[in-house]
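Values quoted throughout were computed directly from the atomic coordinates according to the rules given, and no laboratory measurement underlies them. Predicted model, so just to flag it, every value in this text is computed and none were measured. Neighbour counts are summed over all protein chains in view; Cβ atoms, including those assigned to glycine, are modelled from backbone coordinates with ideal geometry.
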Amino acid sequence: MKNAFAITFLALLIFAFAACEKKESNTQTVKSTDIPESSSSEPASAGTPGYVLRVNASMYSLENDTGSEADRTKWEASMSLGEKVVVMEKRRATFSGDGKVYDFIAIRRDNGKEGFAWDSQIAAGSSLAVVTDDKANLFRSPKTIDVTGQILSRKTIVVINSDSESDGFAEIKAYDPVAQAYRQNFIRLSSISKKDSDIQSSILLQTAEPLKNEGSEKVRRDALLEAASLDYPDSAFSADINKLINPDTQASFSTESAGKPFMTVNDDNVNVRDIPDSSIGKVIGQLNKGDEVTVSNQTTETATIDGQSARWYRITEPVEGWVFGAFLN
């Protein structure tokens, strides 16, 4: 009886072992090389798209990243105005320049390099725009009555979210180069342009302006201005660009505010020029009879062309430039 029980137990044990071995042989083996290397270090949030708001904004690393406010910054590289980055978490750190604690934000550039930038010089958002008004008012809400009394100067690059557009307003984020302060307010859509030619020419212009007109900086300055002039001849800032390229030609005329804000073109194929001079002014656009234009300035002196005397008028819409007054009513 004992022998029969032992034989039965042994048979069951062998069957169980064989079944287990078969199950293991049908199971796929997971190798360590199949696991993504970044999975263990990937942050909880991959970040959101954003842009650099200031010319020559700096990117820093931290000398010892312990998570403490005492961690000191170390300069790594300069970034371009309008450069697209991925915006991640914010943190406080000590700026090596003065030993004080400031707000920084973690970013990742297109080349994959990660670091930290001043929180005031980076903004998350879906797209760029540029201020085209000489003085663009800022508002606390999309209501004219909520004007702040603050303005953004012409050429300022702003980050905009299209979802915020409402009743002729949009919420923007910007670095005010005059006040040297971060702004997050509403602005009239009529005060900004979303055209790529306006945005890119403004970026090139602002990058070139602070460079010295001598040595290696002059070479870079001239290259930036030439690119802006050739690549974006119809931009809202073509006159500003050509003023830097040909400064001597700009001193020959003076302007004043125009008394007529709206005028109508009275002929076809009317040239729009970058400066009010038919001989040296570069043609940057054309208008046809019946086109309505918005006028901002006029020359103080009249000019005579083909026997007709009139002032030149600076228009801002539908293209920015100068039109001889004989072709405007």
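Once you list every other residue whose beta carbon is under 12 Å from the beta carbon of Val178, what net charge do they have if Lys and Arg are +1 and Asp and Glu are -1? Surrounding charge for Val178 is +3.
Among the trypsin sites (Lys or Arg not before Pro) in the range 159-222, those located in a DSSP loop and surrounded by at most 16 other Cβ atoms within 10 Å of their own Cβ are Lys194, Lys195, Lys212. Judged by the gyration tensor of its Cα atoms, with axes a ≥ b ≥ c, the range 197-245 is prolate; a/c meets the 1.5 cut and a/b is the larger of a/b and b/c. Working from Cα pairs under 8 Å separated by at least six residues, relative contact order for the range 197-245 is 43 percent. Projecting the Cα atoms of Ile199, Asn213, Leu224 onto the charge dipole of the range 197-245, computed from C-beta unit charges around the Cα centre, puts Asn213 farthest toward the positive end.
Relative to the Cα centre, the charge distribution of the range 197-245, modelled as +1 at Lys and Arg Cβ and -1 at Asp and Glu Cβ, gives a dipole magnitude of about 180 debye.
From the C-alpha coordinates alone, can you work out the Kirkwood hydrodynamic radius of the range 197-303, in Å? It is 15.2 Å.
Taking amide hydrogens as placed 1.01 Å from N in the peptide plane, the amide H of Ala236 sits under 5 Å from those of Asp198, each at least 5 positions away in sequence or on another chain. 3J(HN,Hα) couplings calculated from phi for the range 293-308 with the Karplus curve 6.51 cos²θ - 1.76 cosθ + 1.60 (θ = phi - 60°) are, in sequence order, 10, 9, 10, 10, 9, 9, 6, 6, 10, 8, 10, 10, 10, 6, x, 9 Hz; Gly and Pro show x. Distance distribution P(r), the range 48-124, all Cα-Cα pairs, bin width 5 angstrom from 0: 3, 18, 31, 26, 15, 6, 0 percent. Taking label points 7 Å from Cα along the Cα-to-Cβ direction, Ser78 and Asp167 give a separation of 4.3 nm.
Along each principal axis, taking the top coordinate minus the bottom one, the Cα set of the range 252-327 gives 29, 25, 21 Å in descending order. For the range 201-269, GluC sites (Glu not before Pro) meeting the loop criterion (DSSP other than H, G, I, E, B) and having at most 12 other Cβ atoms within 10 Å: Glu214.
Karplus-derived 3J(HN,Hα) values for the range 54-67, using 6.51 cos²θ - 1.76 cosθ + 1.60 with θ = phi - 60°, are 9, 5, 6, 5, 9, 10, 10, 10, 10, 4, 9, 8, 9, x Hz; glycine and proline are entered as x. Taken one residue at a time, the phi angles of the range 126-133 give Karplus couplings (6.51, -1.76, 1.60, θ = phi - 60°) of 8, 7, 9, 8, 9, 6, 10, 6 Hz. Gly and Pro are set to x.
The fraction of Cα-Cα pairs per 10 angstrom bin, counted from 0 for the range 127-194, comes to 24, 63, 13 percent, rounded to whole percents. Each other residue within a Cβ distance under 11 Å of Ala258 adds +1 if Lys or Arg and -1 if Asp or Glu, for a net charge of +2. Once C-alpha pairs closer than 8 Å and six or more residues apart are averaged by separation and normalised to the residue number of the range 127-194, the relative contact order reads 37 percent. Spin-label model, Glu317 to Thr264: label points 7 Å out along the Cα-to-beta-carbon direction sit 1.7 nm apart. Over all other residues within a Cβ to Cβ distance under 14 Å of Thr48, the charged ones net out to +2, with Lys and Arg as +1 and Asp and Glu as -1.
Bridgeable aspartates and glutamates around Lys113 (alpha carbons under 18 Å apart, same-chain partners fewer than 8 residues away excluded): Glu37, Glu42, Glu63, Asp65, Glu76, Glu83, Glu89.
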